[in-house]
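Beneath this line is the structure, given in structure tokens, with notes to follow.
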Amino acid sequence: MSVSLWTRILVGTVLIGWAVLSYGLVRGAMEDVLPDAGDVLADIVMTMLLMVPMLFLTPLWFLSCLSRHTHARKRKSRGDCCECGHTLGVGFDQPCPECGSDQRLKPIETRRLVVSCLVIWLCAGLVGSGITETIARMDEKSFIHAHEHGMFHPKSRSRAWPLWGSLKWDEATRSAKGSFLEGRSSFLDFSTGL
Ligand SMILES: [Zn+2]
């Protein structure tokens, strides 16, 4: 596989990973259980805010494309073929007689590059949020199912990874509730002595 593909896989993984973790934090902090579409949308918006630092990583997606372009421009300015380096002479605009490649270099459009970065960033945020929302719902449904069917299950337990906080069963209302500063965050000693 090419370096370009590896870079894209790496950037994509980091972006989606960051979104998964951010959504896990936001979703836990909101303390909702099986939230409706409006609440999910609000969680996604907050996740995108936590994704802002990742905007600086997104241009790496185009790194090899940009470096190839710079390389080709250098060759052209020396009078060589952009693609194979065959000597053509400065100002030669016909296809290369050696490799047949087009010698007219298209300039890189900054606006298109910025829009592409934003689209990649947004897609990664949505995919990451979707993954975590799916995990959260499966976890909440299994917790509720266990209690509704009287299975042996603790009254309170940590949410599934990567979600923060814990789930609690309220016998009076026979419903599940979310709690942020218990469970998963206890390893940070937030709840010690409370
Ligand atoms: Zn050539």
Note on segment 125-161: residues surrounded by fewer than 13 Cβ atoms within 10 Å (Cβ to Cβ) and touching a Lys or Arg at 6+ places or on another chain (Cβ under 8 Å) are Glu148, Lys155
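Of a type in the set (A, V, I, L, M), on the phi > 0 side of the Ramachandran plot and more than 16 Å from the ligand (Cβ to nearest atom): is that true of Leu34 in this structure? Spell out how you get there, then give the answer.
Working: of a type in the set (A, V, I, L, M): yes; on the phi > 0 side of the Ramachandran plot: yes; more than 16 Å from the ligand (Cβ to nearest atom): yes.
When the stated conditions are applied, Leu34 passes them.
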Scanning segment 100-113 residue by residue, those surrounded by 13 or more Cβ atoms within 10 Å (Cβ to Cβ) and assigned to a helix (DSSP H, G or I) turn out to be Leu113
Residues in segment 54-99 that are away from the ligand (no atom under 16 Å from the Cβ) and either part of a loop (DSSP other than H, G, I, E, B) or without any contact (Cβ under 8 Å) to a residue 12 or more places away in the chain (or both) total 4
Checked segment 42-99 for anything of a type in the set (Val, Ile, Thr), under 30 Å from Glu31 (Cα atoms) and either exposed (fewer than 15 other Cβ atoms within 10 Å of the Cβ) or in contact with a strand residue (DSSP E or B) (Cβ under 9 Å, 6 or more places away or on another chain) (or both); matches are Val45, Val52
Scanning segment 100-134 residue by residue, those within 16 Å of the ligand (Cβ to nearest atom) and hydrophobic (A, V, I, L, M, F, W, C) turn out to be Leu105
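Out of Gln94, Gln103, report the one residue that is out of contact with any Asp or Glu (no Cβ under 7 Å at 6 or more places or on another chain) and over 27 Å from Ile131 (Cα atoms).
Step by step, each of Gln94, Gln103 is checked, and only Gln94 is out of contact with any Asp or Glu (no Cβ under 7 Å at 6 or more places or on another chain) and over 27 Å from Ile131 (Cα atoms).
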So, first residue surrounded by 10 or more Cβ atoms within 10 Å (Cβ to Cβ) in segment 162-175, second residue assigned to a loop (DSSP other than H, G, I, E, B) and basic (Lys, Arg), Cβ within less than 7 Å, six or more apart or across chains; the pairs are Gly165/Arg159; Ser166/Arg159; Leu167/Arg159; Lys168/Lys155; Trp169/Lys155
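Any read-out appearing in this document is the output of simple, stated calculations on the displayed coordinates, not a laboratory observation. Small disclaimer: the values here were computed from a predicted structure and weren't measured. Note: ideal-geometry Cβ built from the backbone for every residue, glycine included; neighbour counts use all protein chains shown.
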